[in-house]
Amino acid sequence: MPNPRLTGLGTGLFCVLVMVTLGWLERLLLGVSPTAQTVYGVLFLPVCVLCGLWVRRADLAAAPVVVPIAFAVGVLPLAKDGDGPGARLMALATALATQVGWLYGGTLLAALTVLVRRVVLVAPRRPATPRR
């Protein structure tokens with residue numbers, strides 16, 4: 001498995017690009033339906049874990065911040081089309097409200113991944129030879 005180290009900005013761009021791509025692919029394959037939104041939510045979880053694993057040490061706090069933004073941007077293609085910007089905004093709000101479980105779950109996964117990485121990085125190292 002590759003071991004890239006992305007900056008905070010790189011992590012954000014990675015997540016947004018992957019989620020927008022997934023949103024458009026699902027719209028093409030499944031249309032605008034509750035099934036497409038559920039598949040989108042399920043695919044959001046591994047993206048969150050990868051985001052938490054691939055962010056570099058100095059930018060660990062960025063991962064839980066960028067994943068909800070990426071989810072919101074990526075769900076735009078799955079929101080129902082409307083007659084004007086107001087209807088489009090309401091469709092986006094509805095899509096986000098119905099998929100809030102996936103959004104919170106993915107954000108929690110990214111935060112837990114980052115927290116575990118931080119604990120492992122900060123954990124004191126035991127000496128190889130015991131002291132006498």
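Figures for the structure shown
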read-out	value
Probe 1.4 Å, protein heavy atoms only - accessible area per residue of the chain in square angstrom	61
Amide proton proximity set for V55, modelled H, under 5 Å, gap of 5+	L6
Projected area averaged over orientations for the chain, convex hull of C-alpha atoms, nm²	9.9
Within the accessible area of the chain (1.4 Å probe), percent carbon and sulfur	71
From phi via Karplus (6.51, -1.76, 1.60), per-residue ³J(HN,Hα) for segment 13-29 in Hz, x at Gly/Pro	5, 4, 5, 5, 5, 5, 6, 5, 4, 4, x, 5, 4, 5, 5, 5, 7
Sparse-neighbour loop sites [trypsin sites (Lys or Arg not before Pro); segment 55-129; at most 15 other C-beta within 10 Å; DSSP]	R56, K80, R125
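The values are calculated or read from the model by the stated rules, or taken from the named source; none is laboratory data. These numbers were taken from a predicted model, which means no experiment stands behind them. For neighbour counting, all protein chains shown are included, and Cβ atoms are generated from backbone atoms with ideal geometry for every residue, glycine included. Surface accessibility is based on the protein's heavy atoms, side chains included, excluding ligands, DNA and RNA. Shrake-Rupley method; radii C 1.70, N 1.55, O 1.52, S 1.80 Å.
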